[in-house]
Amino acid sequence: MLNTASETSSTIRVASRWFGFSRWRGAGTAVVRWLGSVALTLFGLVLVTFAMTRLSPVDPVLQLVGDHASASTYAAARLELGLDRPLAVQFGRYLVRVGHGDLGQASSTGQPVAADIARTFSATLELATVAIVIGAASGLALGIIAAMRSGGIIDAAARIVSLVGYSIPIFWLGLLFLLLFYARLHWAPGPGRLDVLYQYTLRPVTGFALIDTALSGTAGAFRSAVAHLVLPALVLALYALAGITRLSRGAVLEQLGQEYVLTARAKGAGPWRVVFVHVLPNVTGPLLTIVALAYASLLEGAVLTETVFAWPGIGRYLTVALFAGDTAAILGATLTIGSAFILLNSLTDLAVARTGRGRDR
Amino acid sequence: MMATMPTAPSPGLARLMRSPAALFGLGMIGLMIVVAVLAPVLAPFDPNLQDIANRLARPSAQHWLGTDGFGRDQVSRLFYGVRPTLLLVILVAALMAPLGVAVGVVAGYCGGLVERALMRVTDIVMSFPRLLLAFAFVAILGPGLINGGLALALTSWPAYARQARVETVALRDHDYLAAAEMVGIRGWRLIVGHVLPLVLPSTIIRLALDLAGIILAAAGLGFLGLGVRPPTAEWGSMVADGTPVIFDEWWLTAAPGCAIFLASLAFNLLADGLRDVLDPRHD
Amino acid sequence: MTDVLLRVEALTVAAGAATLVGGISFTVGREKLAIVGESGSGKSLTARAIIGLLPPGVRRTGGRIALGDRILTTTGWQGVRGRRIGFVPQDPKYALNPAHRIGRQVEEALVLHSRLSAGERRERALDMLHRVGFPDPQRAYRAYPGEVSGGMGQRAMIAAMVIAGPDLLIADEPTSALDHALRDQILDLLGGLTDDTGMGLVLISHDLRQVARFADRVLVMQRGILVDRLDAGALAQAGHPYTRALWRAHPSAASYGTRLPEAIEETLQP
């Protein structure tokens, strides 16, 4: 929910700096360097979450054995957890555990955290994906038209839309949408992912409600899944649209001032051809980065939206864990969303570097 | 880089005054400061005064925006709610910008291994999901204004470090720095004296832009119950308090959300106006 | 010079209140016409006004431009740009689209203005690339602009602008971004194409020595108006003091973009 605008340009810069092919000739080297930087960043993320557990005022031993345990039980548990070892050893063990996908036991659900996350992550992914498709399509269209008609009415509208999108608290927008479209107008169903009727009868095949309901062959179930998805997806799409509109407008506008655009017009190309045939191939990298960044921030923002819409994803899992003081679940969910966030952005960097290959001067 | 920097601050200020959007933003921020300072005078009631007999009252001449679930006057709580928001903004700004600039200047001045190590750390932190880590940080270390501010500042500094490093490196390669060192002036003082004015304009723009996001993040923390502890009035937690009754007493949710929106909008508008004035290179 | 291809009458170009081209008139036939002048004399704006591509904020404010029997207004360029008028910009490094292969850029005018099939277009493009001097047109066709040199880039640019067989080609300082050794080659190419196809060529230049060797006629612009017009062969013996000053000034890469020395400037008030 923090401003994505300021980040994108620097992400692009990092991408070109780390993967600039003038410096790193050959795709192999670039991929190796990319893997190195991703590994280092993920390592940093694990280190940060580990540091949080160490800084936590909650005593993990007490959490395990309870307040009334004897001193010997306490000591044994402490030894069991390895808390007597040096910090570096503790971190090493933590790293190995996380590396094996062992995120510990969630006290709030009584299940392994990894299993909980596997169950909830698909819901988050489904919502974020639908939202980014809507947000990217409308945001890119608006941004491109705003750049073409720079200074015009559509440009002004685009500016207002992105300003509002940047400034509005997303959880509040979700609440307003529920109030208006669910409670007042009855256009949309309330919170949740499916009607209660289908919720327990649906066989989870892929974990994605849209696909599972379609597979089930029950038209009502599919309609219910779509209807429940509309409001949260629209809220998230609006949020993504703000950044995408503004940044894509800037990227296209910059290109429209380039000399090759003049050449294209001198050949007789119209404004639409100039943008779609000449400009867009030159901004695929930046646009890809912009959309991927918005997608990643939707995953991150799931914590708030899923709470508002009672969407059974990993964000809501995180908030529930948060109220229960379930450290393992909080860290597991944070690590998972964080890794997805980092991987998505890094993959985009790599893809962007690859598209520029061969024609860079 | 240096040639395109703004020349004198006064014509810039005059141009800022001509940007209605920036003026509106500046005015809103000024208004927030006034309300925060004068809250005890402006608020018609004690924001924490519970009146169970008069709970969830509709808006009236006495309670303009009604009362919440504890019978507390909503207008008074809105006024007092400016305080944690502004405090957090100040806290984060005071932490992240100096931290980032310091890292950048040290990296740029020392060069070599120090520079590479520091910038690698900067890149790593820059790739972190900031909002998420802030939530996790506060969830684990305990809710509160300080923890929230600390969490947001600790993940938001890298952009400032990058900028400061670029400017420092540009200066480091200048001949007059070598000349100054030859006559015995410590390079450090020169760097600090010259880099700070150079990074100031871009830092201010970024700060205004970041603070708009910080306000939203802080409201999100409050909404999840990770902000200041109750019963202190805070906009995000007020939205959360109104949520259970949103379908009937919708104004209890609408008003604080609107306040968050306007506060964030004010900083965004100011950032836009500042960018037009201070950074003509931008579109 | 029997048939007039382009007729410009009292053309004015302005940016806001500032008049940049102040009512100039001339005609272009099947010939090589050069427009010369210092930077800021309005010669480039005149060229850009003819093809209707003035920079943002600059507008054509008056005058009449006729291409054959077609009057060119500020709107309605359908079938003119790229088809009847070609335009070669200054620097191929920026004027070629970095994301498109050269073959595609050469073909584009045919895509826009002809009904040729893809195979026919490709054949024409390869032929054109060969004509402008690519020894291996197949390879050039597949190359990205970043993979060829500046001189070859400008050849590709010329190929792209001539392929649709325009009546008129405008070249806006087509050699000033190139090395000295390449300049004559590019001019020879332009001259040869002009002679072969019977099109008219308008060359914008600041280099009078170059123009004297290459062009048929010369128009001299200063501060937005035409101050002199003469045959290129007469440049060395020009009567007009400004033309003489330009001739003596020997522009070089080092002095490109700078104004004439103040002393000369003052004696030359038109």
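With a 1.4 Å probe on protein heavy atoms only, work out how much accessible surface C and A bury together, total over both chains, in Å² to the nearest 100.
Interface area, both chains combined: 2200 Å², rounded to the nearest 100.
Counting only chymotrypsin sites (Phe, Trp or Tyr not before Pro) that are in a DSSP loop and have at most 16 other C-beta atoms within 10 Å, tell me the longest site-free stretch of chain A.
Within chain A, the longest run free of exposed chymotrypsin sites (Phe, Trp or Tyr not before Pro) spans A:1-186.
Quick one: Kirkwood hydrodynamic radius for the range C:1-157, alpha-carbon pairs, angstrom, one decimal?
17.5 Å
Tell me the trypsin sites (Lys or Arg not before Pro) within the range B:203-283 that lie in a loop according to DSSP and have at most 15 other beta-carbon atoms within 10 Å.
B:Arg281
Applying the Karplus parametrisation 6.51 cos²θ - 1.76 cosθ + 1.60 with θ = phi - 60° to the phi angles of the range A:275-280, what ³J(HN,Hα) value in whole Hz is obtained for each residue in order, glycine and proline being reported as x?
Per residue, the Karplus-derived 3J(HN,Hα) values read 6, 7, 8, 9, 7, 4 Hz.
Quick one: plug the Kirkwood hydrodynamic radius of the protein assembly as shown (C-alpha pairs) into Stokes-Einstein at 25 °C, 0.890 mPa s, and report D in µm²/s.
Calculated translational D: 77 µm²/s.
When the helices in chain A are scored as -39500 (n - 2.57) per DSSP H run of 4 or longer and the sum is shared across all residues, what 222 nm value do you end up with, to the nearest 500 deg cm²/dmol?
Computed ellipticity for chain A at 222 nm equals -24000 deg cm²/dmol.
Taking the Cα centre of the protein assembly as shown as the origin and placing charges on Cβ (Lys, Arg +1; Asp, Glu -1), which of A:Tyr182, B:Ile29, A:Gly135 is farthest toward the positive end of the dipole?
After comparing all options, I get A:Gly135.
What average number of partner chain Cβ atoms lie no more than 10 Å from the Cβ of the residues making up C:93-105?
5
Return, for the Cα atoms of the range B:113-159, the radius of gyration and Dmax in Å, separated by a comma.
Looking at the range B:113-159, its Cα Rg and Dmax stand at 12.2, 38 Å.
Going from the alpha-carbon gyration tensor of the range C:104-175, what semi-axes, largest first and in whole Å, does one get by taking the root of 5 times each eigenvalue?
Semi-axis lengths for the range C:104-175 are 18, 16, 10 Å.
Within chain A, what whole-number % of the accessible surface is contributed by carbon and sulfur, with the 1.4 Å probe and all protein chains included in the calculation?
66 percent
When a/c is below 1.5 the answer is rounded, else prolate if a/b is larger than b/c, else oblate, so apply that to the range C:17-79 with a ≥ b ≥ c taken from the square roots of the Cα gyration tensor eigenvalues.
Verdict is oblate for the range C:17-79.
Looking only at Cα atoms, what is the convex hull volume of the range C:47-99 per residue, in Å³?
Taking only Cα atoms, the range C:47-99 has a hull volume of 110 Å³ per residue.
Averaged across C:109-119, how many Cβ atoms of other chains sit within 10 Å of each residue's Cβ atom?
Per-residue shielding by partner chains comes out at 2.
Dipole of the protein assembly as shown (Lys/Arg Cβ +1, Asp/Glu Cβ -1, origin at the Cα centre): which of B:Tyr160, C:Ala49, C:His240 lies farthest to the positive side?
With unit charges placed on the Cβ atoms, the residue in question is C:His240.
Taking the DSSP beta bridges in the protein assembly as shown as the whole, what percent of them are antiparallel, to the nearest 5?
Just about 60 percent of them are antiparallel.
Taking trypsin sites (Lys or Arg not before Pro) as exposed when DSSP calls them loop (any state but H, G, I, E, B) and at most 13 other Cβ atoms lie within 10 Å, what is the longest stretch of chain C free of them, the sites themselves excluded?
With a cap of 13 other Cβ atoms within 10 Å, the longest stretch comes to C:116-258.
Under a 5 Å amide H to amide H cut-off, with H placed in plane at 1.01 Å, what residues pair with C:Val227 once short-range neighbours are removed?
Under 5 Å from the amide H of C:Val227: C:Val220, C:Met221, C:Gln222.
Going by average Cβ density within 10 Å per residue, which order do the peptides B:31-42, C:185-196, B:258-269 take, highest to lowest?
B:258-269, C:185-196, B:31-42
What's the buried accessible area, both sides, between B and A using a 1.4 Å probe, rounded to 100 Å²?
4900 Å²
Along the charge dipole of the range A:24-105, Cβ charges K/R +1 and D/E -1, which of A:Ala39, A:Tyr94, A:Ala76 sits furthest on the positive end?
A:Ala39
Which three lengths, in whole Å and largest first, does the range A:130-279 cover when its Cα atoms are put on their principal axes?
Computed over the range A:130-279, the largest-to-smallest principal extents equal 63, 32, 21 Å.
Given bins 10 angstrom wide, list per bin the percent of all Cα-Cα distances in the range A:235-361, short to long.
Spelled out bin by bin, the range A:235-361 gives 12, 30, 26, 17, 10, 4, 1 percent.
Per residue Cα convex hull volume for the range A:105-159, in cubic angstrom?
Looking at the range A:105-159, the number lands at 94 Å³ per residue.
Treating chain C as a set of equal point scatterers at the Cα positions, no solvent, please give the Debye-formula log₁₀ I(q)/I(0) at q = 0.07, 0.09, 0.11 Å⁻¹.
-0.25, -0.41, -0.61
Can you give the Rg and Dmax of chain A based on its C-alpha atoms, in angstrom?
When restricted to the Cα atoms of chain A, Rg and Dmax are 23.9, 87 Å.
Excluding ligands, DNA and RNA, what is the solvent-accessible area per residue of the protein assembly as shown at a probe of 1.4 Å, expressed in Å²?
Per-residue accessible area for the protein assembly as shown comes out at 43 Å².
Just tell me how shielded B:136-145 is by partners: mean number of partner chain Cβ atoms within 10 Å of each residue's Cβ, no decimals.
6
Would you mind checking the radius of gyration and Dmax of the range C:145-224 based on alpha-carbon positions, in Å?
My reading of the Cα-based Rg and Dmax gives 12.9, 39 Å.
The values are calculated or read from the model by the stated rules, or taken from the named source; none is laboratory data. Quantities reported herein were computed from a predicted structural model and do not represent experimental measurements. FYI the Cβ positions are ideal-geometry reconstructions off the backbone, even for glycines, and counts take in every protein chain you see. To get the accessible areas, we keep the full protein, side chains included, count just its heavy atoms, and leave off ligands, DNA and RNA. Shrake-Rupley method; radii C 1.70, N 1.55, O 1.52, S 1.80 Å.
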